[in-house]
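**Student:** Have a look at this one.
The values are calculated or read from the model by the stated rules, or taken from the named source; none is laboratory data. Everything numeric in this text was worked out from a predicted model, so none of it was measured. Positions of Cβ are backbone-derived with ideal geometry, glycine not excepted, and every protein chain shown enters the neighbour counts. For the accessible areas, the whole protein counts, side chains as well, though only heavy atoms, and no ligand, DNA or RNA atoms are used. Shrake-Rupley method; radii C 1.70, N 1.55, O 1.52, S 1.80 Å.
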Amino acid sequence: MNRRLFLSAGLIGLSSKADRRIEGGFVFEDQKTGHLLRDRKKTLPRPAREVRVPVVIVGGGIAGLSAAWELDRRGFRDFVLLEMNPRAGGNSRWGENTISRYPWAAHYLPVPDHGATLVRELCQELGLLKDGAWDERHLCFSPQERLFQYGQWYEGLEPTGAPGAHEQYRRFEEAMSGFRVSGEFTIPMERGGKPSELDRISMAEWLRRNRFDAPGLAWYVNYACRDDYGATAAETSAWAGIHYFASRAPDDKGPLTWPEGNGWILERLLAKLGRYVRTNALVYRIRKDGPRMRVTTPEAEYSAEVVIYAAPTFTAPYVMENAPRVDDFEYSPWLTANLVLDRWPSERGFEPAWDNVILRSPGLGYVVANHQSLATRSDAWVWTYYTSFAEGAPAQNRRWLIEHDWTYWRNAVLDDLARAHPDIRQCVRRVDIFRIGHAMIRPKVGFIWSQQRQAVAGGKGNLVFANSDLSGLSIFEEAQYRGVTAARRALRRISRG
Amino acid sequence: MPFLLLVSVFLIAACGLIYELIAGTLASYLLGDSVFQFSTIIGSYLFAMGVGSFLSKYIDRALVARFIYLELMVGLVGGFSSSLLFLAFAYTEAFHLVLYLLVILVGILVGLEIPLLMRILKERFEFRDLVAHVLTFDYLGALGASLLFPILLVPKLGLARSALLFGIINAGVALWSTFLFADQLRRRVNLQIACALVLAALLGGVGLADRISDAADNNLYADEVIFTRNTRYQRIVLTRWKDDVRLFLNSHLQFSSRDEYRYHEALVHPGLAAVPGARHVLVLGGGDGLAVREILKYPSIESVTLVDLDSEMTRLFSTQPFLKRLNHGSLTDSRVHVINADAFPWLDTNAKMFDFVVVDFPDPTNYSLGKLYTTGFYRLLARHVSRNGWLVVQSTSPMFARQSYWCIVETLKRVGLRTYPYHVYVPSFGEWGFVLAGTNSYEPPAALPGGLRFLSASNVAELFHFPNDMTAVAAEANRLNDQVLVRYYERDWRAIAH
Ligand SMILES: Cc1cc2nc3c(=O)[nH]c(=O)nc-3n(C[C@H](O)[C@H](O)[C@H](O)COP(=O)(O)OP(=O)(O)OC[C@H]3O[C@@H](n4cnc5c(N)ncnc54)[C@H](O)[C@@H]3O)c2cc1C
């Protein structure tokens with residue numbers, strides 16, 4: 001997302017008249033609860049109740065729930081999970097209207113290969129993987145992706161470019177297969193990863209050094225960094241950039257996806273683990289109390305042997321005494337929007353796909369939530385629009401995001417989409433917007449193999465960190481891995497007594 | 001009196017806006033890109049109105065008579081504008097030229113109206129009131145028209161008849177003015193005769209309007225068009241040439257009444273006659289009731305469930321006399337249950353079992369339709385077929401779309417079914433292919449129902465032989481997440497077109 005590009009889109013937007021009324025608003029507004037932490041001294045009530053329990057999990061995103069999943073399947077049932085929001089899920093939350101379910105953030109899971117054993121175990125448990133075969137109903141339906149360039153849509157995401165560009169794509173693909181077989185770029189990243197010089201340069205620098213200069217390829221790699229890390233290729237660590245391309249060897253055409261995105265997995269985890277979850281439970285203080293830990297929420301204070309901290313790591317200093325240093329953990333803000341359309345906009349070229357990307361737009365494109373429907377016809381649609389604020393300083397971008405009202409951001413979204421669909425305003429009935437201030441950890445140059453990240457991730461004692469940001473890579477698989485690993489550490493600690 | 005005059009302003013303002021809306025709508029219907037069409041048409045129209053207003057200053061005598069002639073001209077040109085545009089689209093290459101000439105002509109004429117009328121009325125009002133009242137009614141007329149247009153006119157009357165209706169209103173205002181301004185007119189009778197002529201022409205046009213849009217269709221199809229309807233899902237067109245009636249859906253030929261018996265006998269009997277005592281049959285697609293007609297030839301049948309997306313289509317084939325004769329009234333038979341639903345979700349949400357299933361979908365021309373030819377779909381379908389039952393799939397042409405055909409066979413095999421591919425020659429289609437699939441081993445039936453025109457117990461087995469130019473070729477299975485079939489199909493038919 002870049003201010004100047006957005007404004008230029010505004011001019012295009014101006015030309016369309018006779019707009020219809022579009023409804024909507026902001027959803028969740030988590031930052032309001034989050035900011036209570038910053039100003040906690042004054043406002044938060046003292047709890048009336050005290051609860052003794054061996055393990056407390058803080059944060060009900062995929063990481064926290066995966067910790068619960070692991071404890072539960074090992075037969076350990078004596079724990080609670082505290083989630084500040086009215087609904088658990090974090091970045092895997094979802095919504096629903098009369099047309100479809102739709103994601104608010106995470107919307108797919110790449111088909112896990114044989115190395116990603118934990119994810120495959122979960123997939124088997126959920127019936128996605130049976131006798132070694134994937135259930136095609138949960139794999140993304142054709143066509144998966146299309147790109148808008150030269151005034152029309154084309155199949156696939158790679159821009160068609162000048163002569164010679166093709167050769168560079170081939171060479172790039174070869175280089176990535178080379179990294180893949182090296183065994184260093186794995187999921188989870190801890191399995192094969194080791195400190196590397198590649199973490200000391202940016203992805204853009206790596207492209208330069210290897211003479212990848214085709215503009216289409218540069219756009220594509222930069223898009224991947226913005227899409228997966230919310231950072232530009234110039235800021236992303238080359239190790240992380242390569243990890244995206246080199247970490248997977250799926251055994252079927254994916255990804256796994258559902259109308260509600262990863263909310264589908266979330267709901268199944270909650271069906272099993274919901275009884276451990278306490279919602280509306282903002283943890284605002286964690287402190288040592290002899291050999292035990294005290295965890296405070298407005299409603300109750302918990303005394304635990306071990307705390308699994310699966311809330312975003314940067315919040316630790318607001319919550320706990322003697323928090324480890326976490327100032328290297330930097331996060332990108334994102335904006336997602338769910339749009340309700342009752343007419344498909346006019347367009348040219350390849351058929352609508354699941355993921356629809358506009359070349360050189362400030363956004364990341366949109367995913368059609370009801371693409372994954374068995375019906376052949378539909379007369380209304382939900383689009384989930386994504387954009388990350390990759391350019392500029394995150395703190396400044398967060399201010400930009402919070403300062404402006406819904407109308408401003410709605411116009412920004414529609415102006416961006418108007419590049420490919422000039423009559424978008426005549427087709428959209430509703431736009432709901434989710435502003436996510438600290439959406440994703442940024443694997444900036446040096447972060448992946450920094451002392452600080454490794455120290456927090458490998459921490460010992462009775463406070464175990466677990467958020468996906470410990471991997472420097474914000475993906476489902478890492479959230480699950482961190483949660484499960486933390487649970488195993490907690491169990492070891494408890495069995496030692 | 002003054003109020004009655006202002007009613008004229010209201011009416012002519014409404015007419016003026018309607019013609020503009022009609023041109024814009026027609027252009028976006030026929031050319032697409034509605035933002036562009038509307039913008040340029042509104043622009044040209046407003047500009048032409050400006051030209052008309054400017055020209056009004058050169059009219060300096062016999063204002064009332066001129067105004068009446070002007071109304072008649074607007075009525076004629078505006079009233080026939082929509083029909084003219086339809087014809088221009090069907091018969092000429094110069095649609096754009098005709099479109100913009102018409103828009104500009106109507107615009108100039110409409111631009112003349114209000115200035116002229118104001119000058120006629122200036123004796124009867126204070127200048128201040130004149131401007132206020134005339135413009136108020138002008139804008140009110142525009143409001144009325146803009147509400148009426150989408151809510152009532154387009155859905156109820158259609159474009160051609162709406163234009164004519166407003167042409168009649170213009171001519172009506174002219175006729176009425178000959179009475180209102182009786183004192184200022186000399187040869188009144190002449191004017192009234194002119195009004196009557198124009199009104200007659202427009203009324204005649206209303207009778208012809210339907211024929212005009214049919215004529216436009218006629219030019220797109222080789223034969224005479226006897227029926228057209230736009231449903232939510234498709235455009236249905238029936239044509240006739242002598243005793244040959246053809247059905248087109250979105251301009252794709254579905255059947256010809258001369259040889260459809262070959263197609264439908266071949267679709268149904270090789271499979272259904274092989275299920276002795278079959279009681280419950282499912283038909284997916286096939287809203288024309290022709291497959292059902294064949295199914296009802298078996299006395300053991302207790303129920304036929306027909307699932308077709310388009311309710312207009314099934315209604316048409318249950319009510320229109322000619323079509324009912326063609327399908328022997330099959331859709332109104334008490335054993336037949338018509339369900340208007342999307343087949344895949346419908347199968348997914350019920351657990352009914354059938355002894356025989358006919359799958360007669362449109363060809364996999366896009367990824368939405370392609371879902372109905374995937375392992376995901378067939379796996380679900382197989383769960384609805386009873387143990388000794390069969391399912392048969394319309395599978396495009398093994399001759400013209402050879403790899404597509406064998407891809408469908410491969411897809412059925414992949415879900416664990418045994419497949420028995422066969423084909424038939426249908427003159428209006430060419431070689432056409434089907435695949436019979438089930439869990440048993442297939443033997444061609446020893447007996448068929450009486451009264452068939454093409455199949456007999458002795459020629460069923462022949463259908464299963466493929467000559468060299470149609471034998472199996474390698475193809476991958478078609479899956480929801482990897483729809484190879486749509487790509488094969490596009491390639492196969494492109495190769496034919498060249
Ligand atoms: C826009 C966007 C799109 C994404 N798309 C994908 C995708 O398609 N695929 C994919 O694999 N990944 C995607 N991700 C990454 C996603 O973040 C991870 O998949 C995963 O959901 C992260 O889970 P987590 O548990 O580590 O963190 P979070 O989801 O952030 O969970 C943290 C939880 O802790 C709670 N919490 C915070 N502070 C407190 C407190 N003090 N007390 C109590 N509770 C607290 C929060 O409310 C939240 O529920 C996306 C992320 C974003 C932002």
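**Student:** Filter the range B:451-498 down to the residues that are away from every other protein chain (no Cβ under 13 Å) and free of Cβ contacts under 8 Å to residues at least 12 places away in the same chain and list them by number.
**Tutor:** B:S456, B:S458, B:N459, B:E462, B:H465, B:P467, B:N468, B:T471, B:R494, B:A495, B:A497, B:H498
**Student:** For the range B:111-163, give me the residue count where each residue is touching a residue at least 60 places away in the same chain (Cβ under 8 Å) and either at positive phi or aromatic (F, W, Y) (or both).
**Tutor:** Within the range B:111-163, residues that are touching a residue at least 60 places away in the same chain (Cβ under 8 Å) and either at positive phi or aromatic (F, W, Y) (or both) number 4.
**Student:** Filter the range A:451-472 down to residues that are under 16 Å from A:G90 (Cα atoms) and outside any helix (DSSP H, G or I) and give me whichever is farthest from the ligand (Cβ to nearest atom).
**Tutor:** Within the range A:451-472, the match that is farthest from the ligand (Cβ to nearest atom) is A:A466.
**Student:** Examine the range A:228-246 for a residue that is more than 14 Å from the ligand (Cβ to nearest atom), within 30 Å of A:S303 (Cβ to Cβ) and away from chain B (no Cβ under 14 Å), and state whether such a residue exists.
**Tutor:** no
**Student:** Could I ask something else about it? Having 2 or more residues that are under 21 Å from the mean Cα position of the chain (by Cα) is the bar; report the helices (runs of 4 or more DSSP H) wholly within the range A:170-241 that clear it.
**Tutor:** Correct list: A:189-192, A:215-229.
**Student:** Right, here's the next one. Looking at the structure I just gave you, is A:T257 within 14 Å of chain B (Cβ to nearest Cβ) and hydroxyl-bearing (S, T, Y)?
**Tutor:** yes
**Student:** Right, next: State which residue is most open to solvent (accessible area, probe 1.4 Å) when the search covers only the range B:449-498 and only residues that are within 29 Å of B:V275 (Cβ to Cβ) and in a helix (DSSP H, G or I).
**Tutor:** Filtering the range B:449-498 for residues that are within 29 Å of B:V275 (Cβ to Cβ) and in a helix (DSSP H, G or I), the one most open to solvent (accessible area, probe 1.4 Å) comes out as B:E462.
**Student:** Kindly check whether there is at least one residue in the range A:221-240 that is at pLDDT below 95, touching a Lys or Arg at 6+ places or on another chain (Cβ under 9 Å) and either surrounded by fewer than 21 Cβ atoms within 10 Å (Cβ to Cβ) or within 24 Å of A:P103 (Cα to Cα) (or both).
**Tutor:** no
**Student:** A follow-up question, please. Name the pairs: first residue in the range A:404-424 and away from chain B (no Cβ under 14 Å), second residue surrounded by fewer than 19 Cβ atoms within 10 Å (Cβ to Cβ) and outside any helix (DSSP H, G or I), Cβ to Cβ under 7 Å, at least 6 apart or on different chains?
**Tutor:** Here the result reads A:W406/A:G25; A:W406/A:F26; A:R410/A:I22, each pair linking the range A:404-424 to a residue that is surrounded by fewer than 19 Cβ atoms within 10 Å (Cβ to Cβ) and outside any helix (DSSP H, G or I).
**Student:** Here's another thing I want to ask about it. Inspect the range A:483-496 for any residue being in the same structural domain as A:A63 (by TED's automatic domain parsing), crowded, with 20+ Cβ neighbours inside 10 Å, within 22 Å of the chain's Cα centre (by Cα) and within 19 Å of A:R93 (Cβ to Cβ) and give the result as yes or no.
**Tutor:** Looking for residues that are in the same structural domain as A:A63 (by TED's automatic domain parsing), crowded, with 20+ Cβ neighbours inside 10 Å, within 22 Å of the chain's Cα centre (by Cα) and within 19 Å of A:R93 (Cβ to Cβ), one finds at least one in the range A:483-496, hence yes.
**Student:** Could you check how many residues of the range B:43-71 are under 34 Å from the mean Cα position of the chain (by Cα) and crowded, with 17+ Cβ neighbours inside 10 Å?
**Tutor:** Selection size over the range B:43-71: 3.
**Student:** Would you say A:L147 is touching a residue at least 24 places away in the same chain (Cβ under 8 Å), more than 13 Å from chain B (Cβ to nearest Cβ), touching a Gly at 6+ places or on another chain (Cβ under 9 Å) and closer than 23 Å to B:T374 by Cα?
**Tutor:** Here the answer is no, as A:L147 does not meet what is asked.
**Student:** Among the numbered criteria (1) open to solvent by 30 Å² or more (accessible area, probe 1.4 Å); (2) in a strand (DSSP E or B), which one does A:N280 miss?
**Tutor:** It fails just one condition, (2).
**Student:** If you go through the range A:317-337 one residue at a time, how many are touching a strand residue (DSSP E or B) at 6+ places or on another chain (Cβ under 6 Å) and away from the ligand (no atom under 12 Å from the Cβ)?
**Tutor:** 1
**Student:** Are there any strands (runs of 3 or more DSSP E) wholly within the range B:264-346 with 3 or more residues that are away from every other protein chain (no Cβ under 14 Å) and open to solvent by 10 Å² or more (accessible area, probe 1.4 Å), and if so which?
**Tutor:** B:336-339
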